[in-house]
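Novice: Before I ask anything, here is the structure I am working with.
The values are calculated or read from the model by the stated rules, or taken from the named source; none is laboratory data. Here the structure is a predicted model, which means the values were calculated and not measured. Because the Cβ atoms are built from the backbone with ideal geometry, glycine has one as well, and the counts that use them run over all protein chains shown. The protein model used for the area step is the full one, side chains on, heavy atoms only, and it has no ligands, DNA or RNA in it. Shrake-Rupley method; radii C 1.70, N 1.55, O 1.52, S 1.80 Å.
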Amino acid sequence: MKLIDLTGQKFGKLTVLHRCKGISSKHTYWKCVCECGNETVVDAYKLKNGSTKSCGCWKVELERRAHTTHGMTGSRLHNIWFNIKKRCRNPNYPEFADYGGRGIDVCDEWFDNFEVFEKWSMANGYNDTLTIDRKDNNKGYSPDNCWWVTPAEQSVNKRNNIYTTYHGEKTVCYRLAKRLGITHRKCKRMILSGMSGDEIEREVVNG
């Protein structure tokens, strides 16, 4: 059978340099260089069937990834995530009565995976000066009901805060005030007078 020259061909991370002679009379071996820079000798059959794709560095990398966590344990963001889970689902947690005890839960995608929570946080303006806040305090922790705010902003977002409707959605007074550029006190006074968020917006826009 005519020998097929593999010189220059690439298999996975390996590029064939030249054939190795005198190693075995039953098999054909090729000297290869790996993407990592290491050189190795590989059986032609293993190159062709894909069982050998690197000098061994790829296997090491896969094992490293399998045993490497996100590296964020102990960080402020990880502690926030961990405490959210405890206050929502751990009956022994001191704050459980105010959260899980009254039906406030955390969505499964966050509960099961810190990396998902971290990715959402970074995409939504997280920094170490902000705290996580729920837009509607009667709903749980999820991407559509949470955002990052300053402690001062969160302090006015309590269960006894005043809500109104704005563009068809329920919103809390202080968020509407912030959006429209008016004081929280003024916005609260207008809501208590019976005005909806849309009516307040029209009055602000029209001066």
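Novice: For R175, which of the numbered conditions (1) basic (K, R); (2) open to solvent by 80 Å² or more (accessible area, probe 1.4 Å); (3) farther than 20 Å from R102 by Cα fails to hold?
Specialist: Exception for R175: condition (2).
Novice: Next question. Here is a list: L6, L17. Which entry is touching a Lys or Arg at 6+ places or on another chain (Cβ under 9 Å), modelled with pLDDT of 85 or more and open to solvent by less than 30 Å² (accessible area, probe 1.4 Å)?
Specialist: One residue alone meets the criteria, L6.
Novice: Outside any loop (DSSP other than H, G, I, E, B), closer than 30 Å to F82 by Cβ and either among the β-branched types (V, I, T) or in contact (Cβ under 8 Å) with a residue 60 or more places away in the chain (or both): does that describe I132?
Specialist: yes
Novice: Can you tell me which residues in segment 190-202 are open to solvent by 80 Å² or more (accessible area, probe 1.4 Å) and either of a type in the set (A, V, I, L, M) or modelled with pLDDT under 90 (or both)?
Specialist: Within segment 190-202, just L192 meets the criteria.
Novice: Still on this model: Restricting the search to segment 178-189, which residues are buried (at least 16 other Cβ atoms within 10 Å of the Cβ) and at pLDDT 85 or above?
Specialist: L180, I182, C187, K188
Novice: In the list T69, T40, which residue meets the criterion of being modelled with pLDDT of 85 or more and either in contact with a strand residue (DSSP E or B) (Cβ under 6 Å, 6 or more places away or on another chain) or open to solvent by 60 Å² or more (accessible area, probe 1.4 Å) (or both)?
Specialist: T40
Novice: Look at segment 166-207 and say how many of its residues are part of a loop (DSSP other than H, G, I, E, B) and among the hydroxyl-bearing types (S, T, Y).
Specialist: Within segment 166-207, residues that are part of a loop (DSSP other than H, G, I, E, B) and among the hydroxyl-bearing types (S, T, Y) number 3.
Novice: Just give me the residues in segment 93-127 being at pLDDT 90 or above and loosely packed, with under 13 Cβ neighbours inside 10 Å, in sequence order.
Specialist: Selection gives G103, D108, E109, E115, K119, M122, A123, G125, N127.
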